[in-house]
1. Can you tell me the order of 140-150, 191-201, 250-260 when each peptide is scored by its average per-residue count of other Cβ atoms within 10 angstrom, highest first?
2. Looking at the range 114-246, what % of its DSSP beta bridges pair antiparallel, to the nearest 5?
3. Using the count of nearby Cβ atoms within 10 Å as a rough guide to exposure, how do 151, 99 rank from fewest to most?
4. Over what distance in Å are the Cα centres of the range 78-129 and the range 158-231 separated?
5. Could you work out the relative contact order of the chain, using alpha carbon pairs under 8 angstrom and six or more residues apart, expressed as a whole percent?
6. Considering only the chain, what is the antiparallel percent among its DSSP beta bridges, to the nearest 5?
7. Highest first, please rank the peptides 166-175, 233-242 by the mean number of other Cβ atoms sitting within 10 Å of their residues.
8. Provide the convex hull volume over Cα atoms per residue for the range 114-246, in Å³.
């Protein structure tokens, strides 16, 4: 049995979407997700997205990074599946329920409330997440925010000058972060615009990261560096982030379908 897939992306952060609501798909394992994500021998993606029926929402979204590990949230993928759904949707994820709505300029996603306590990030020991007393070479005094997955954010004069390919994995795997961590380096250009690069755990540097944009915006707002509505500029394009009076994070930006195809699970050591 061949399994259909949809290739999508949000600002260049790309996904394989498997819709288990439409027909059965192979049981997803870390090995199968990593094999499909491989850009040389598989279909290739930053994250594999599995859509399933939900008893509490319109559908359930499971997210597997390129290394096969399952994670709790992905902002760009939420916009992509919101586009695929084509109507307002309540989406169950490991990181909590998300709401996606089609709007002018793309899809708006209610990402919920930021989690700011050290135990919610999580960190290995207690500390103030507003300005953390830690550092790695020239990157120090970060802030930490969980937006369905953990992020650490460094505000620097020029994010393009940071050796993220070297420092990203070093920080990602530091024992301070028991679940590993996504690493953000950001430059505040004005109170309404932030430039950002993100090293995603289990993936590497990506062209865009929706939860990273949300976490970075919240970090900048908490420090008084930005207003409650900002544009976050990533390599793949811009996202609009708002921290509402009710404390919720609203993310708006585009998503697109690239192509559709199918694969034989047996080619990847699975059955289905």
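Only the coordinates and a few stated rules stand behind these numbers; no lab work does. Please read all numbers here as calculations on a predicted model, not as lab measurements. Glycine also receives a Cβ, built like all others from the backbone with ideal geometry; neighbour counts cover every protein chain displayed.
1. Values: 140-150: 23.5, 191-201: 21.8, 250-260: 17.0.
In decreasing order of mean packing, 140-150, 191-201, 250-260 become 140-150, 191-201, 250-260.
2. Numbers: 23 of 31 bridges.
Rounded to the nearest five, the antiparallel share is 75 percent.
3. On the way: 151 29, 99 19.
Ascending Cβ contact count within 10 Å gives the list 99, 151.
4. 16
5. Details: 684 pairs, mean separation 59.5, N = 272.
Computed value for the chain: 22 percent relative contact order.
6. Details: 62 of 77 bridges.
Expressed as a percentage, antiparallel bridges in the chain total about 80.
7. On the way: 166-175: 16.0, 233-242: 20.4.
Top of the packing list down: 233-242, 166-175.
8. Working: hull volume 12.6 nm³, N = 133.
Residue-normalised Cα hull volume stands at 95 Å³.
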